[in-house]
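This report refers to the structure that appears directly beneath it.
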Amino acid sequence: MRRGFWQSAFGRNSRYRGVSLLCVIVALNSLGMGIISPVLPLFLEQEYGVTAAEVGIAVGLFGVGRLVTSVPAGFLAQRYGRRRVLAMGAAINTAGASMVSLSFSYVWLTGWRFVSGFGGSIFLTVATIYLRDEADPETRGRLLSLQELSILAGQILGPLLGGFTASIFGLRIPLFGQAILMAASLAIIVTALPEPRRQPEAPRRRLGGGAAAATSTSAGPAETPARTRNTLWRLVFSPAFIFVGLFALMIVANRQGARLSVMPLYGREKGFGPDHLGLWLSVTHFPQFFTTMASGYLSDRFGRKTPILPSIALLCLGIAAFVWAGNLWQLLLSGVLLGLGEGLGSPAGTVFFADIAPPGLEGVTIGLLRTFGGVGTIIGAMSLGAIADTTSFAWSLWVDAIILAASGIGLLLFVRETYRRRPS
C-alpha cells in the first residue's frame, strides 16, 4: 500500500509527479525559513545590539529581492522554462543563506539576506507559475493552495525546531540549518523535477519584422508588441489587479512586519523566551494549514471572494489578542487566530491573479503579484519597526490591523467575482 502511494505521487508516469515533488521542495525551503524566524530578530539584537527599526531592515531586505525580481522571474520562466529558472532561484537562495550563517557583522548579514531574498523570490514566483500550469479553472483554488500548504508544513515544524535548537546550542545554529535545507531543495530540482505538463510560452517577435509569431496555443492569434503592452496596461489598471494586490500586500506586511519582526520583540518585552516564541509561531502555522485547504475549496465552490471577510476578522482578532496577551495560553490563542485568518486570506490573492492572467502573460502576472508581496515585506518590516521605535509595539500592531481591514473591505466592495462554479 505504501509503495502504491509513492508510485502514484512521485512515479515517472504519475500525472501529478511534478506537483508532488514541487510541494516537497517548497516545504524544505519553508522549513529553512521557519527555523530562523523566531531566532533572527533575537540574534541581531544580541549579537550586534541593533534597534527594532534595524531588525526590521534586516528582515525586510529579504523582501526587497521579491520586489525587484518577481516580474523578471515571470518573464524568464515564460521564455526559458519553469524548471531552469526554478533551479537558478534555489541556487541563489542557497548561496545567500550560507553566507548569512557565516555573518560577522550586521552589514554582512543584511546584505546576504538581500541576496537570499533575491533567489527566494525567483523560486517562489516560478513555483506558483508551475502550479498554475498544472491546474484547470475548476481546480485552481485547491491546486494553488498546495503551495501554501507546503510552506506551512515547513513553518509548523521550523519555528519550534529553531526556537529549541537556539535555546540549547545558541542563536547561530539555526542559520546553518537553513543553508543545509536550501541546498537539499536545489538538489531535488536539478535531479528529479520535470517541466509542468502544460507550459504556455510568451509570444515572440520574428527577427525580420513587427509581426509576432504565436508560439503557444493559449496565446491565440498572433500578438504584436503593442497589443501585448496594451493588454498589460489594461491588466495593471483593472480594479481586480489594484485591490487584490493591495490585500495581498497587507497579508504579507502582517506576516513579515508584525509576526516575524515586531511581535517577537514585543513578546520578549512581555517576558517570553525564544522557546515560547518558537512555540507561538508554530501554533500560528498549524491552524493555518487547515484553513488554507478550506480556502481553496471555498474559492472553487462558492467564488473567490468567499474567504476574504472571515480572514480579515480573524487576523484583527489575533492582533488584538497578542497585544493583550499576559501569559503563554493567551499568547498561543493569538497565534491560533492569526493562523486561521492568514490561511483563509493568503491563497485568495494568488487565485484571483491566476484567473485574470492574460494568455501569454501568465508568468508576468504572477510575478506582479509577488511584487506586491515584496512591497508588503518592506512596508511591514520597516514601517512597523519604525512605528514601534517612535511610539510603542502595541501602536504599531494596531496600525497594521486597521490598514489590513481597510484593504480587505476595499476588495469586497470594488472587485467583481472572477469565477463561480456552474451547477452540474
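Read-outs throughout are calculated quantities, based only on the coordinates presented, and are distinct from any laboratory measurement. These numbers were taken from a predicted model, which means no experiment stands behind them. Glycine gets a Cβ as well: all are built from the backbone with ideal geometry, and neighbour counts include every protein chain shown.
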Legend entry - Equivalent-ellipsoid semi-axes of the range 129-201, from the Cα gyration tensor, Å, largest first: 33, 16, 7
Inset, instruction - Name the residues whose placed amide hydrogens come within less than 5 Å of the amide hydrogen of Arg304, ignoring near sequence neighbours (fewer than 5 apart) on the same chain. - result: Thr418, Tyr419
Legend entry - With Cα atoms, 0 to 90° folded angle of helix 173-191 axis to the chain main axis: 10 degrees
Legend entry - Cβ crowding within 10 Å averaged over residues, with 273-279, 108-114, 386-392 ranked highest first: 273-279, 108-114, 386-392
Legend entry - Taking only Cα atoms of the range 356-422, radius of gyration then Dmax in Å: 16.4, 52
Legend entry - Once the Cα gyration tensor of the range 340-385 is diagonalised, semi-axes √(5λ) in Å: 24, 15, 5
Legend entry - Estimated FRET transfer efficiency (Ser392, Leu412; beta-carbon r; R0 35 Å; 0.05): 0.70
Inset, instruction - Could you work out the per residue convex hull volume over the alpha carbons of the range 86-153, in cubic angstrom? - result: 83 Å³
Inset, instruction - Would you please classify the overall shape of the range 313-352 from the alpha carbon gyration tensor, given that a ≥ b ≥ c denote the square roots of the eigenvalues, rounded means a/c under 1.5, and beyond that prolate means a/b larger than b/c while oblate covers the rest? - result: prolate
Legend entry - Over the range 300-410 - Rg/Rh using Cα atoms and the Kirkwood inverse-distance radius: 1.04
Legend entry - Sequence ranges 236-249, 402-415, ranked by mean other-Cβ count within 10 angstrom, highest first: 236-249, 402-415
Inset, instruction - Quantify how much of the Cα-Cα distance distribution of the chain extends past 38 Å, in percent. - result: 18 percent
Legend entry - Computed [θ] at 222 nm, deg cm²/dmol, the chain (DSSP H ≥ 4; -39,500 (n - 2.57); rounded to nearest 500): -26000 deg cm²/dmol
Inset, instruction - Using the Cα centre as the reference, give the magnitude of the dipole from point charges on the C-beta atoms of the chain (Lys, Arg: +1; Asp, Glu: -1; all else neutral), rounded to the nearest 20 debye. - result: 1580 debye
Inset, instruction - Grab the eigenvalues of the alpha-carbon gyration tensor for the range 245-342, scale each by 5, take roots, and send me the semi-axes largest first in whole angstrom. - result: 26, 13, 11
